[in-house]
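K.L.:
I'd like to ask some things about the structure below.
The values are calculated or read from the model by the stated rules, or taken from the named source; none is laboratory data. Note that the structure is predicted; figures quoted are calculated from it, not measured. Cβ placement follows ideal geometry from the backbone for every residue including glycine, while neighbour counts extend to all protein chains displayed.
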Amino acid sequence: MHYGQFKTGLRDAYEHRGGIKSLRLGSLALDWFTEIQREAAFIINSGSSSDVTASGHVTNWTRPTGQVRQFSLFNSSGRSDDTTGDYGYRGDVKKKKLVFPQLKSMARFAALFGSSLRNLRLNGMGTQSALSAHEENSMSVRALGTDHIVRFHLPVFSNPKAHVHLDDERFHYREGELYFFHHGCVHAAANHGTTARYHLVFDCFLDETLFENVFPGSPSPDSGFDKALIDDASMQGEPFVFPEFVCEDGRVIKTGIRYGRKAPTPIDFYRNNYPSLFKWLPQTRLAQTTPGA
Ligand SMILES: [Fe+2]
């Protein structure tokens, strides 16, 4: 798979027309991953977390149920209960640092993503807990192209009844394996097992360096990260349809994922930034380029 093919797959999935929803990217060496588990247990037992079920939490719009908590591991405050580092632009990364720099195996893992890393979270989900189906905006436009935020999951503690959902498919992610997770799809997560589920969940700014480092088709930057072969990376989930989902702007969609979402294009950039250029165009033409219309 080439970088351009990947971006086409991202766009198709953003519009809920198939595309690339998830990829299995590879696995960590057992000794490295065991150490990450030990470090995660330290964070869980001694770190402070934010409660996603609290109404003021930045992720509460995803309608969590049960026990859902987040340890923020990469931000500018150095506090693991501070969610303000979850968002922001590429330039903000210079101000962010690992909250637990002494945890060397996690730091080695974060280094795989270099300066592309936007946030890093240890997301915990208790038994009989979930994030409801929702859709996020993973693309933005600029004058000459499109920027993508890409999300990854590394399950640290899981069980066979922990699942993630992406555009009408349900997947189980295995401990110690790294996955690409397209958060522009309609997605959800649920734990119906008898043990808590903890995943490292993090976003990166997509560029060709990141793609080469962690996606299949080129050598791994770390001998402890065994990349999947291109043919082994694609994933097929089980069919699973939610009756409704919520969007970032608060809309609740009850008509299924194929409601006509359009990925933004550079035309939208000019329309948003220079509206006077478009005032003479027929309204129907503009409507075709409106994201989410
Ligand atoms: Fe989400």
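K.L.:
Out of Lys94, Lys7, report the one residue that is among the basic types (Lys, Arg), assigned to a helix (DSSP H, G or I) and within 30 Å of Gly260 (Cα to Cα).
P.N.:
Among Lys94, Lys7, only Lys7 is among the basic types (Lys, Arg), assigned to a helix (DSSP H, G or I) and within 30 Å of Gly260 (Cα to Cα).
K.L.:
Please go through the range 84-101 and give me each residue that is small (Gly, Ala, Ser) and within 16 Å of the chain's Cα centre (by Cα), ordered by number.
P.N.:
Those that are small (Gly, Ala, Ser) and within 16 Å of the chain's Cα centre (by Cα): Gly85, Gly88.
K.L.:
Answer with yes or no whether Val93 is of a type outside the set (S, T, N, Q), crowded, with 16+ Cβ neighbours inside 10 Å and farther than 27 Å from Met139 by Cβ.
P.N.:
When the stated conditions are applied, Val93 does not pass them.
K.L.:
Shifting gears a bit: Quickly run through the range 58-67 and pick out the residues that are within 13 Å of the ligand (Cβ to nearest atom) and part of a loop (DSSP other than H, G, I, E, B).
P.N.:
Within the range 58-67, Val58, Thr59, Arg63 meet the criteria.
K.L.:
Against the conditions (1) more than 16 Å from the ligand (Cβ to nearest atom); (2) closer than 27 Å to Asp222 by Cβ; (3) not in a helix (DSSP H, G or I), where does Gln70 fall short? Just the number, please.
P.N.:
Just one mismatch for Gln70, condition (1).
K.L.:
May I pose another question? Return yes or no: is Arg197 at pLDDT 95 or above and of a type in the set (D, E, K, R)?
P.N.:
yes
K.L.:
Against the definition (under 23 Å from Ser158 (Cβ atoms), modelled with pLDDT of 95 or more and in contact with a Ser or Thr (Cβ under 8 Å, 6 or more places away or on another chain)), how does Ser49 come out, yes or no?
P.N.:
yes
K.L.:
Sticking with this one: Condition first: surrounded by fewer than 17 Cβ atoms within 10 Å (Cβ to Cβ) and outside any loop (DSSP other than H, G, I, E, B). Can you find one or more residues in the range 243-264 that meet it?
P.N.:
The answer is yes, given that some residue of the range 243-264 is surrounded by fewer than 17 Cβ atoms within 10 Å (Cβ to Cβ) and outside any loop (DSSP other than H, G, I, E, B).
K.L.:
Show me the strands (runs of 3 or more DSSP E) entirely contained within the range 106-176 in which 2 or more residues are more than 16 Å from the ligand (Cβ to nearest atom) and over 15 Å from the mean Cα position of the chain (by Cα).
P.N.:
Ranges flagged: 139-142, 145-157.
K.L.:
Taking Leu23 as meeting all but one of (1) buried (at least 18 other Cβ atoms within 10 Å of the Cβ); (2) not in a strand (DSSP E or B), write down the number of the exception.
P.N.:
(2)
K.L.:
Got a number for residues in the range 177-209 being buried (at least 19 other Cβ atoms within 10 Å of the Cβ) and either of a type in the set (Phe, Trp, Tyr) or away from the ligand (no atom under 16 Å from the Cβ) (or both)?
P.N.:
7
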